[in-house]
1. Regarding segment 7-19, can at least one residue be identified that is part of a strand (DSSP E or B) and in contact (Cβ under 8 Å) with a residue 12 or more places away in the chain?
2. Which residue pairs have Cβ atoms under 8 Å apart, sit 6 or more places apart or on different chains, and have a first residue in segment 33-55 that is over 25 Å from ALA15 (Cα atoms) and free of Cβ contacts under 8 Å to residues at least 24 places away in the same chain and a second that is surrounded by 10 or more Cβ atoms within 10 Å (Cβ to Cβ) and basic (Lys, Arg)?
3. Report every pair of residues separated by at least 6 positions or lying on different chains whose Cβ atoms are under 7 Å apart, first residue within segment 70-99 and surrounded by 11 or more Cβ atoms within 10 Å (Cβ to Cβ), second of a type in the set (A, V, I, L, M).
4. Counting just the residues of segment 17-54 that are over 11 Å from the mean Cα position of the chain (by Cα) and of a type in the set (Ser, Thr, Tyr), which one comes out surrounded by the most Cβ atoms within 10 Å (Cβ to Cβ)?
5. Just give me the residues in segment 55-92 being more than 14 Å from ASP22 (Cβ to Cβ) and either charged (D, E, K, R) or under 12 Å from the mean Cα position of the chain (by Cα) (or both), in sequence order.
6. Here is a check on your reading of the model: is GLY54 on the phi > 0 side of the Ramachandran plot and touching a strand residue (DSSP E or B) at 6+ places or on another chain (Cβ under 7 Å)?
Amino acid sequence: MVLTNTAVRHAKPRAKDYTLPDYNGLALFVNTKGAKCWHFRFSWADKQPRISLGTYPEISLRDARALRDFARALVARGIDPRVYRRLERNARRLATENA
């Protein structure tokens, strides 16, 4: 089932954490306190790791899908999106320290 903005907005906390799947590995994780977080699950080295893309409403459904597409493109090129994010963060930190 494809998520809609209405379904994301109306997702309420339950007794247990749960996930609302979108498609192509994107899902909205809702915890018992009501926090909503976008996750992307992908195949890497015969495993299914998960990477967080951000929280809702700071990251909208449209933005989460764009981030998922970027991460899928990295996986297709043989780049682990978790490592890419870590290297990008370190490069930004070094750039600000050296400026």
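Rule-based calculations on the coordinates, nothing more; no lab input. Since the structure is predicted, the reported quantities are computational estimates derived from the model, not experimental observations. Cβ atoms come from the backbone with ideal geometry, glycine included; neighbour counts cover every protein chain shown.
1. Pass one, segment 7-19, residues part of a strand (DSSP E or B): 18-19.
When the remaining residues are screened for being in contact (Cβ under 8 Å) with a residue 12 or more places away in the chain, the result is 18-19.
Scanning segment 7-19 turns up at least one residue that is part of a strand (DSSP E or B) and in contact (Cβ under 8 Å) with a residue 12 or more places away in the chain.
2. Taking only residues 6 or more apart or on different chains, the pairs are GLN48/ARG41.
3. ALA71/ILE51; PRO81/ILE51; PRO81/ALA71; PRO81/LEU74; PRO81/VAL75; ARG82/ILE51; TYR84/LEU74
4. Of everything passing the filter in segment 17-54, TYR18 is surrounded by the most Cβ atoms within 10 Å (Cβ to Cβ).
5. Within segment 55-92, the first condition is being more than 14 Å from ASP22 (Cβ to Cβ), and the residues that meet it are 55, 57-58, 70, 73-92.
THR55, GLU58, PHE70, ARG77, ASP80, PRO81, ARG82, ARG85, ARG86, GLU88, ARG89, ARG92, listed by residue number.
6. On the way: on the phi > 0 side of the Ramachandran plot: yes; touching a strand residue (DSSP E or B) at 6+ places or on another chain (Cβ under 7 Å): yes.
Yes: the conditions hold for GLY54.
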